[in-house]
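The values are calculated or read from the model by the stated rules, or taken from the named source; none is laboratory data. Just so you know, these numbers come straight off a predicted model, no measurement behind them. With ideal geometry, Cβ positions are generated from the backbone for all residues, glycine too; neighbour counts draw on all protein chains shown. Accessible surface is based on the protein model in full, side chains and every heavy atom, while ligands, DNA and RNA are left aside. Shrake-Rupley method; radii C 1.70, N 1.55, O 1.52, S 1.80 Å.
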Amino acid sequence: MYLDAVEDLIETRIEERPAPSLPSARWSEFPFSSLSHHGGACCEVAREWIVAMDYAQLNGGDLSSGPRWLRARYEWGPSPWPMHWCEVVTRKVIDCGAHSALAHEAFTARGVTAFRAQFVQRYSPDALAQWRTKWTGENVSDHWIGDDVIYHEGPAPVRRLWQPRRGPAVRRRPMGRRRWPPLGRPPDQAGGVAPVLSNRHSGLDPESMNTGL
Ligand SMILES: [Zn+2]
Ligand SMILES: [Zn+2]
């Protein structure tokens with residue numbers, strides 16, 4: 001009788017304990033933004049145009065440098081989803097998800113391993129209210145705006161690659177197609193230096209978040 005009572009008490013306590021909630025919890029399972037493809041020439045030509053444009057703008061520069069021309073070409077703002085490749089090239093305004101998708105395509109076409117980084121950042125209530133007004137004013141979902149934080153996306157090219165015993169971590173092919181997973185194990189399992197851990201929520205030093213974009 002006494003033991004039964006104790007077990008009841010323990011169970012009650014466990015049930016009543018609130019789960020710890022992080023500011024990022026709301027987006028913990030949120031998929032990163034992906035551009036859709038019509039499966040035809042319209043989208044393939046658009047995608048190839050982005051890759052060719054990036055290659056021309058890079059002009060022999062550092063392969064891991066950010067595609068700054070994207071920032072010059074597109075203004076940051078509300079963009080409706082789903083969005084296709086043939087649509088994104090005609091837009092003047094895109095959000096960070098679309099921007100990140102384009103930059104990721106550019107990096108992978110260069111042969112640079114890149115991750116799709118997802119961030120949760122704290123901003124002032126004024127900024128959040130301003131963005132909410134702007135997004136809802138254009139009938140675009142404001143799901144990325146929380147109470148005092150926002151959800152944000154960016155490309156994360158792997159600059160400091162781990163070195164396995166044999167050969168380089170990534171075979172660089174300037175105009176190659178995406179190769180995933182990259183040769184060998186992902187950086188976070190290799191014991192080397194990785195700025196962002198894949199499929200994990202990572203604490204980042206602000207210095208290491210500068211992707212050049
Ligand atoms: Zn299309
Ligand atoms: Zn953002």
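Quick notes on this one:
- Applying the set (1) exposed (fewer than 13 other Cβ atoms within 10 Å of the Cβ); (2) in contact with a Ser or Thr (Cβ under 8 Å, 6 or more places away or on another chain); (3) of a type in the set (Val, Ile, Thr) to residue 90 leaves exactly one unmet item: (2).
- Close pairs from segment 40-60: first part of a helix (DSSP H, G or I), partner open to solvent by 60 Å² or more (accessible area, probe 1.4 Å), Cβ under 7 Å, at least 6 apart: 43/37; 55/175
- Every residue from segment 75-87 that is away from ligand 2 (no atom under 16 Å from the Cβ) and either in contact with a strand residue (DSSP E or B) (Cβ under 7 Å, 6 or more places away or on another chain) or assigned to a loop (DSSP other than H, G, I, E, B) (or both): 82, 84
A quick yes/no check of all residues on (1) buried (at least 19 other Cβ atoms within 10 Å of the Cβ); (2) under 22 Å from residue 22 (Cα atoms):
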{"residue": "95", "(1), (2)": "yes, no"}
{"residue": "108", "(1), (2)": "yes, no"}
{"residue": "113", "(1), (2)": "yes, no"}
{"residue": "120", "(1), (2)": "yes, yes"}
{"residue": "127", "(1), (2)": "no, yes"}
{"residue": "134", "(1), (2)": "no, no"}
{"residue": "139", "(1), (2)": "no, no"}
{"residue": "142", "(1), (2)": "no, yes"}
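- Residues that are within 16 Å of ligand 2 (Cβ to nearest atom), among the charged types (D, E, K, R), open to solvent by 80 Å² or more (accessible area, probe 1.4 Å) and closer than 19 Å to residue 27 by Cβ are absent from segment 56-72.
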